[in-house]
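Working notes for the structure below.
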Amino acid sequence: MRNPQLNANGELTHLLTLEGLPAEVIRRILDTAVPFTSIGERDVKKVPLLRGRSVFNLFFENSTRTRTTFEIAAKRLSADVINLNIGASSTTKGETLLDTVDNLVAMNADMFVVRHSQSGAPHLIAAHLNRTGRTHVHVVNAGDGRHAHPTQGLLDLFTIRHYKKDFTGLTVAIVGDILHSRVARSLIHGLTTMGTPEVRVVGPQTLLPTAVESLGVRVCHDLRAGLVGCDVVVMLRLQNERMKGALLPSAGEFFKHYGLTPEKLALAKPDAIVMHPGPMNRGVEIDSAVADGDHAVILPQVTFGIAVRMAVMSMVAGN
Amino acid sequence: MNGFNGNADGLRGAQREAVAGLPDAGTALAELIERMKGAVAFDAKFVGIYSGGAWLAERLAEAIPGNHPVGYIDASFYRDDYARKGLKPEVHATRLPFEIEGATIVLVDDVLYTGRSVRAAINELFDYGRPASIELAVLVDRGGRELPIEATYVGARLVVARELSVVLSRAADGTLALATETSSEPRHA
């Protein structure tokens, strides 16, 4: 079966996951994002690429940052943006996901940016649109369940490439709650596709998915060992709202073992960068001295995220 | 379309006969420099359209007396064929290291054909500010305009069959060369 994200010419028409996305497509997205970074610095922070197109932000799960950056990205491309915070209310009226989508297509939607707590929801919508011949309508996954968050993965790759130029000599550690993290999954797929020789995942056994090694990563349960010689350290948010049962003794205990402090960061390379997808829990996974320190590139990640989302939207909408 | 001999009054471009076959790029550049000398404002800022126009803008800035800072523009985000062709694979970052507001600008491109790239570049310039004036310098004018756009300074005029595209290339030693390519109307032209 054809990759549902690509059209018959192998061009990106939906963005659902970084898994299985060819390296040249990822590289092209990153390259296209570069000229978009300067648009935010101009007097007129807009280009007319998506003028007259309607982008529907379809968020079935709460999000402020991701929704806002998608909204800014779409507006800087001159699209009309409609935000639908559906939450739980749509299901209470009994409408199915695909009926909701069909109704919005009937309102001439050109693109859906979808966040859903169920893994696979954006894929379901894209497959439905493809199957019913509405290939002019595009889907961008803004995070589905524990599955994927491809634009976050891409902005992480963009940030790493911006500071480190190339992936082929890098050691990257992804630290913390890997189990609940779609950010980690997308980044791991992206890093391995781009030829990163060493990707480590660091966390307690209870917060690592079983058989995570099968993704091509090295597992460390000790943060100090995991940080030695790293070029890039990616700290993940401890997702308390997703924790069921006793995965952790306490947040304080977690910080003691897996919180990034200046002293532990010193084990990484002197020019290591520290990333975090946000929102940060200071004093839980990251010490304020690190979050506000010279190694942190957490705020540039946010700025780059807009350019990367502009690149993705302008590429899928043109294909 | 009457781009070959029907230039509006006041344009300083040459009223030459179009030549069949390709001119030498170096000769055309020398001719373009000749036409611009003394005509271009002393403080005009040169903005090259990627890629060919960018190389030319650098050459012109060296050769033409005055103080001519160079900027670069890639108007891919302003093109009118996005809906048909999508975004082209390689987009360069526009870099304009000077104020556009109130500036005298000379846009520089290698080949003037339909006029659509120039239209896109002018639109992008205005998102940086309101220039005092914009002139257009091109190495070759091959006619075929689809918009009411004419060059102020022209290095050479030529006639080429519609199915051919005229391409400027730059060798490692900086030598410029013109060639024709059969354009199969690629999706990302």
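Only the coordinates and a few stated rules stand behind these numbers; no lab work does. Only a predicted model underlies this, so the values are computations on that prediction, with no experimental measurement involved. So basically every Cβ, Gly included, is an ideal-geometry build from the backbone, and we count neighbours across all protein chains shown.
Stretching the chain fully between A:Thr168 and A:Val44 yields a gain of 40.9 nm (0.36 nm per residue, less the alpha carbon separation). For the stretch A:112-165, the square roots of the Cα gyration tensor eigenvalues, ordered a ≥ b ≥ c, give a/c of at least 1.5 with a/b no greater than b/c, which places it in the oblate category.
Taking the DSSP bridge list for chain A and keeping only pairs wholly inside it, about 5 percent are antiparallel. Peptides A:58-66, B:74-82 ranked from most to least packed give B:74-82, A:58-66, packing being the mean of other C-beta atoms within 10 angstrom over each peptide's residues. Remark: the stretch A:302-315, residue by residue, has Karplus-estimated 3J(HN,Hα) of 5, 5, 4, x, 5, 5, 5, 5, 5, 5, 4, 5, 6, 6 Hz, where x stands for each Gly or Pro and the curve is 6.51 cos²θ - 1.76 cosθ + 1.60 at θ = phi - 60°. Label-to-label distance, A:Ile86 versus A:Ala23, with points set 7 angstrom from Cα along the beta-carbon direction: 3.7 nm. With a Förster radius of 56 Å applied to the beta-carbon distance between A:Ala8 and A:Ser288, the computed FRET efficiency rounds to 0.65. Inter-label distance, A:Gln239 to B:Asp80: 4.8 nm, where each label sits 7 Å from its Cα along the C-beta direction.
How big is D for the stretch A:1-141, in µm² s⁻¹ as a whole number, if Stokes-Einstein is applied with the Kirkwood radius of its Cα pairs at 4 °C and 1.567 mPa s? Intermediate results must be reported in sequence, preceding the final value.
On the way: Rh = 16.1 Å.
The calculation lands on 80 µm²/s.
Stokes-Einstein diffusion for the protein assembly as shown, with the hydrodynamic radius set to the Kirkwood value over Cα pairs and evaluated at 20 °C in a medium of 1.002 mPa s, equals 85 µm²/s.
Seen against the Cα atoms of chain A and their longest principal axis, helix A:121-131 is set at about 30 degrees.
If I stretch the segment between A:Ala127 and A:Leu299 completely, what's the gain in nm (0.36 nm per residue apart, minus their alpha carbon distance), one decimal?
Working: separation 172, 0.36 × 172 = 61.92 nm, distance 3.50 nm.
Result: 58.4 nm gained on full extension.
Taking the alpha carbon gyration tensor of the stretch A:150-302, what are the square roots of 5 times its eigenvalues, largest first, to the nearest whole Å? Don't skip to the end; give the middle numbers.
On the way: eigenvalues 89, 63, 42 Å².
Largest first, the stretch A:150-302 gives 21, 18, 14 Å.
Stokes-Einstein, applied to the Kirkwood radius of chain B over Cα pairs at a viscosity of 1.567 mPa s and 4 °C, places its translational diffusion at 77 µm² s⁻¹. Here's the picture: charge each Lys and Arg Cβ at +1 and each Asp and Glu Cβ at -1 in the stretch B:12-146, and of B:Gly26, B:Ser133, B:Phe77 the one pushed furthest to the positive end of that dipole is B:Phe77. Prolate is the label for the stretch A:168-248, because the ratio a/c of its alpha-carbon gyration tensor axes (a ≥ b ≥ c) is 1.5 or higher and a/b is greater than b/c. Helix A:182-193 and the longest principal axis of the Cα set of chain A meet at an angle near 90°. Around the amide H of A:Asn83, modelled in the peptide plane, lie the amide H atoms of A:Asn57, all under 5 Å away and 5 or more residues distant in sequence or on another chain.
Counted over the stretch B:19-182, the DSSP beta bridges are approximately 25% antiparallel. Between B:Val47 and B:Gly71, B:Val106, B:Leu107, B:Val108, the built amide H atoms are under 5 Å apart, and every one of these is 5 or more places off in sequence or on another chain.
Taking Cα centre as origin and charging only the Cβ of basic (Lys, Arg, +1) and acidic (Asp, Glu, -1) residues, the dipole magnitude of the protein assembly as shown rounds to 1000 debye. Simple spin-label estimate for A:Asp31 and B:Val159 gives 3.8 nm between the two label positions (7 Å along the Cα-to-Cβ direction from each Cα). Each of A:His14, B:Gly174, A:Ala33 was placed along the dipole of the protein assembly as shown (beta-carbon charges, centred on the mean Cα), and the one lying farthest toward the positive end is A:His14.
A full extension of the chain between A:Ala225 and A:Met107 corresponds to an added length of 37.0 nm, given 0.36 nm per residue minus the alpha carbon distance.
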